[in-house]
Amino acid sequence: YHIQNYSTSSIIPNEQGLKTKIFNGPFGEIQRASQGGFAQGYFVGLPKNISVLATDGGGRATLYIDCSTMDLICADTDAFTDLGGLSISQDIENNQDIFWANIIAFMDSLGEAPKADIYYDGTTISTGEFDTYSWFNNWSILNGENSSSIVPQEDGYYRVVVQDKLGCIDTSDVITIGSITGPVINCPKDTIAYTDFRENYAILELPSPDVLDVYEIVSISSNASDTFFVGETIVEWTAINSEGYSTTCSQKVSVLDNEAPVINCPEDYYSPAIKGEDYAIIHLEEPDVRDNVFVDSISYLSPDTFEIGTSFVYWTAFDSSGNRSECNQSISVVDYEPPAINCPDDVYDSLPVGMFYSEIILDTPDVYDNHSILSITNNSPDSFLIGTTYVTWTVIDSSGNSAECEQIVVIEESSLRIPNIITPNGDGLNDCLVIDGLPENSELVIFNDKNQILFKTGNYQNDWNGTDNNGNSIDNGTYWYVLTISSSKYTSGFIIIKRE
């Protein structure tokens with residue numbers, strides 16, 4: 001054994017220790033004693049054939065008696081010095097003094113180590129006086145027998161295990177009662193083991209059974225090798241004595257598999273989306289799975305189709321013992337398909353004499369993408385000067401793919417003369433919007449600042465006097481007009497109504 005140092009340790013009697021004079025002796029009764037100095041601690045790795053009498057606060061042994069030598073061993077020598085609290089006077093003044101004095105009385109009262117000798121007088125088997133007795137016939141304990149003697153009821157090999165008041169134990173020799181022809185064999189307990197690493201078996205060295213016999217045992221053997229496969233194996237042990245008699249017993253060896261399968265996921269997968277769609281259909285390859293016994297199943301959790309972006313496939317493998325392993329596979333679906341774009345119709349406009357630019361609001365092109373549109377932009381100016389302007393529309397999808405189309409805007413100088421103000425007050429002067437050079441079948445539309453149509457006619461006759469289509473007067477203010485001269489040419493601008 002060795003002593004594990006511990007900063008503050010104690011000597012607290014257990015149930016066995018309370019029965020001794022150490023803690024309940026001629027110099028008084030105590031519930032604990034102290035250790036002292038810097039070398040306090042507890043025992044680690046206790047030897048066999050001992051009886052622990054006291055522990056520390058954590059239940060670790062600090063005082064025991066060696067049942068072979070009857071020596072008392074304490075984990076701290078300073079428990080018997082002033083460092084542990086022992087007084088320096090000749091009187092017993094404290095618990096530590098009682099502890100020390102009681103130990104002297106205890107050691108003086110100790111006899112020899114317990115010896116379980118047994119005798120048979122033809123009727124009764126007996127032994128000495130001890131605290132407890134456990135009698136055995138062959139390998140079975142005789143329940144209810146806890147005295148120094150018994151009357152054997154059947155033939156067999158008898159022995160007794162005794163314990164004294166200190167907790168020391170001794171086992172007697174075996175005495176034979178009656179006529180026994182064969183060995184009495186005690187099979188080892190059933191064994192549970194686990195497979196060796198990466199193997200479907202365990203290599204085991206089974207202990208031989210214990211055997212009792214009046215004759216010499218010439219052999220103890222079994223029908224098993226040292227290799228046991230997963231599952232249950234029944235080992236038959238046979239003992240043979242020098243007279244040729246044999247006895248068998250059975251031991252069950254269970255080998256379990258607690259090793260999970262080894263799973264290696266397929267490599268991460270990249271695929272383009274199906275043309276015109278925002279997903280891909282992917283046929284997955286199973287992962288590489290190995291097991292020391294048998295792979296029972298391989299399954300996965302994933303969507304039926306994989307959308308653009310990154311998804312994960314969760315693979316799970318089970319072996320025949322229910323052990324499982326998992327791995328994740330990344331699936332990336334990439335969108336390489338550019339969006340589709342259809343530009344608005346080309347625009348043709350004409351400006352009245354004296355105007356040099358047109359503030360045309362262009363219609364947005366029609367666009368389509370298999371996933372999603374990120375932006376639609378163009379390079380048009382804020383206003384269009386007389387001449388031809390080429391407007392490039394650009395659409396970009398969420399994957400960065402782009403497409404372009406071109407729209408033509410033509411602005412011509414019109415021969416029309418369109419005033420920008422009318423004063424419909426009934427004085428006969430500038431009461432109507434009169435356009436010089438107006439062709440037949442020209443369409444005039446008047447809008448307010450909310451882009452609502454107030455007036456519309458398909459064959460304008462220079463007779464609009466600031467009313468709506470219902471003949472109601474329109475309030476003074478600024479309005480917008482669009483004059484369509486033909487299906488491909490029009491002009492627009494603003495007109496002010498001022499009646500005062």
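The values are calculated or read from the model by the stated rules, or taken from the named source; none is laboratory data. Note that the structure is a prediction, hence the values are computed from the model and not measured. FYI the Cβ positions are ideal-geometry reconstructions off the backbone, even for glycines, and counts take in every protein chain you see. We work out accessible area using only protein heavy atoms, side chains counted, and drop any ligands, DNA or RNA first. Shrake-Rupley method; radii C 1.70, N 1.55, O 1.52, S 1.80 Å.
Can you name the condition, by its number, that I141 falls short on among (1) of a type in the set (A, V, I, L, M, F, W, C); (2) surrounded by 15 or more Cβ atoms within 10 Å (Cβ to Cβ); (3) within 23 Å of C67 (Cβ to Cβ)?
(2)
Search segment 353-371 for residues being at pLDDT 95 or above and either of a type in the set (G, A, S) or in a strand (DSSP E or B) (or both), and hand back the single one that is nearest to the chain's Cα centre (by Cα).
Looking at residues that are at pLDDT 95 or above and either of a type in the set (G, A, S) or in a strand (DSSP E or B) (or both), I get Y368.
Being open to solvent by 40 Å² or more (accessible area, probe 1.4 Å) and in a loop (DSSP other than H, G, I, E, B) is the filter here; which residues of segment 29-58 pass it?
Q31, R32, F38, A39, G45, L46, P47, K48, N49, G57, G58
Tell me whether segment 287-300 contains one or more residues that are closer than 25 Å to Y368 by Cα and surrounded by 12 or more Cβ atoms within 10 Å (Cβ to Cβ).
Scanning segment 287-300 turns up no residue that is closer than 25 Å to Y368 by Cα and surrounded by 12 or more Cβ atoms within 10 Å (Cβ to Cβ).
Could you identify the single residue in K456, K489 that is within 24 Å of P365 (Cα to Cα) and either at pLDDT 90 or above or open to solvent by 60 Å² or more (accessible area, probe 1.4 Å) (or both)? Walk me through it before giving the result.
Working: K456 fails: within 24 Å of P365 (Cα to Cα).
After applying the criteria, what remains is K489.
Which is in contact (Cβ under 8 Å) with a residue 60 or more places away in the chain, in contact with a strand residue (DSSP E or B) (Cβ under 8 Å, 6 or more places away or on another chain), farther than 21 Å from D131 by Cβ and in a strand (DSSP E or B), of I11, I92, I65?
So the residue among I11, I92, I65 that is in contact (Cβ under 8 Å) with a residue 60 or more places away in the chain, in contact with a strand residue (DSSP E or B) (Cβ under 8 Å, 6 or more places away or on another chain), farther than 21 Å from D131 by Cβ and in a strand (DSSP E or B) is I11.
When you go through (1) outside any strand (DSSP E or B); (2) open to solvent by 20 Å² or more (accessible area, probe 1.4 Å); (3) not β-branched (V, I, T) one by one for L374, which number turns out not to apply?
(1)
Restricting to strands (runs of 3 or more DSSP E) lying wholly in segment 222-303: which have 3 or more residues that are more than 30 Å from V367 (Cβ to Cβ)?
227-229, 231-241, 246-256, 262-264, 288-290, 295-301
Name the single residue, out of those in segment 192-209 being aromatic (F, W, Y) and open to solvent by 60 Å² or more (accessible area, probe 1.4 Å), that is nearest to I180 (Cα to Cα).
If we take residues in segment 192-209 being aromatic (F, W, Y) and open to solvent by 60 Å² or more (accessible area, probe 1.4 Å), then Y194 is nearest to I180 (Cα to Cα).
Which residues, counting only those in segment 22-66, are aromatic (F, W, Y) and touching a Pro at 6+ places or on another chain (Cβ under 7 Å)?
F23
Report yes if D397 is over 34 Å from the mean Cα position of the chain (by Cα), open to solvent by 50 Å² or more (accessible area, probe 1.4 Å) and of a type outside the set (G, A, S), otherwise no.
On the way: over 34 Å from the mean Cα position of the chain (by Cα): yes; open to solvent by 50 Å² or more (accessible area, probe 1.4 Å): no; of a type outside the set (G, A, S): yes.
The answer is no for D397.
Quick check, is D468 open to solvent by 30 Å² or more (accessible area, probe 1.4 Å) and not hydroxyl-bearing (S, T, Y)? Show your work before the answer.
On the way: open to solvent by 30 Å² or more (accessible area, probe 1.4 Å): yes; not hydroxyl-bearing (S, T, Y): yes.
When the stated conditions are applied, D468 passes them.
Just the residues that are within 25 Å of I22 (Cβ to Cβ) and of a type in the set (V, I, T), please, taken from segment 97-144.
Listed by number, the residues that qualify are I98, I103, I104, T132.
The rows are residues; the columns are (1) assigned to a strand (DSSP E or B); (2) within 30 Å of F23 (Cα to Cα); (3) touching a residue at least 12 places away in the same chain (Cβ under 8 Å).
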position	(1), (2), (3)
N146	no, yes, yes
E154	no, no, yes
Y157	yes, no, yes
V161	yes, yes, yes
D170	yes, yes, yes
G182	no, no, yes
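Please note which strands (runs of 3 or more DSSP E) are completely contained in segment 437-498 and include at least 1 residues that are in contact (Cβ under 8 Å) with a residue 24 or more places away in the chain and of a type in the set (V, I, T).
Answer list for segment 437-498: 443-447, 477-484, 490-497.
Pairs under 7 Å by beta carbon, first residue more than 13 Å from P338 (Cα to Cα) and without any contact (Cβ under 8 Å) to a residue 60 or more places away in the chain in segment 370-395, partner aromatic (F, W, Y) and not in a strand (DSSP E or B), six or more apart or different chains?
L385/F356; I386/F356
Pairs needed: first member in segment 308-332, under 17 Å from N292 (Cα atoms); second member anywhere, aromatic (F, W, Y) and outside any strand (DSSP E or B); C-beta distance under 7 Å; at least 6 residues apart or different chains.
Pairs that qualify, where the first residue is under 17 Å from N292 (Cα atoms) and the partner is aromatic (F, W, Y) and outside any strand (DSSP E or B), are D319/F294; S320/F294.
Quick check on segment 304-316: of everything there that is open to solvent by less than 80 Å² (accessible area, probe 1.4 Å) and in a loop (DSSP other than H, G, I, E, B), which residue is modelled with the highest pLDDT?
Keep residues of segment 304-316 that are open to solvent by less than 80 Å² (accessible area, probe 1.4 Å), which gives 305-306, 308-309, 311, 313, 315-316.
Those still in the list that are in a loop (DSSP other than H, G, I, E, B) too: 305, 308.
On the way: T305: 91, I308: 94.
Within segment 304-316, the match that is modelled with the highest pLDDT is I308.
Show the residue pairs meeting these rules: Cβ distance below 6 Å; 6+ apart or different chains; first residue within segment 210-223 and open to solvent by 70 Å² or more (accessible area, probe 1.4 Å); second residue part of a strand (DSSP E or B) and not polar (S, T, N, Q).
V218/I240; N223/E236
Go through (1) surrounded by 14 or more Cβ atoms within 10 Å (Cβ to Cβ); (2) more than 30 Å from T392 (Cβ to Cβ) one by one and return the number of the condition V410 breaks.
(2)
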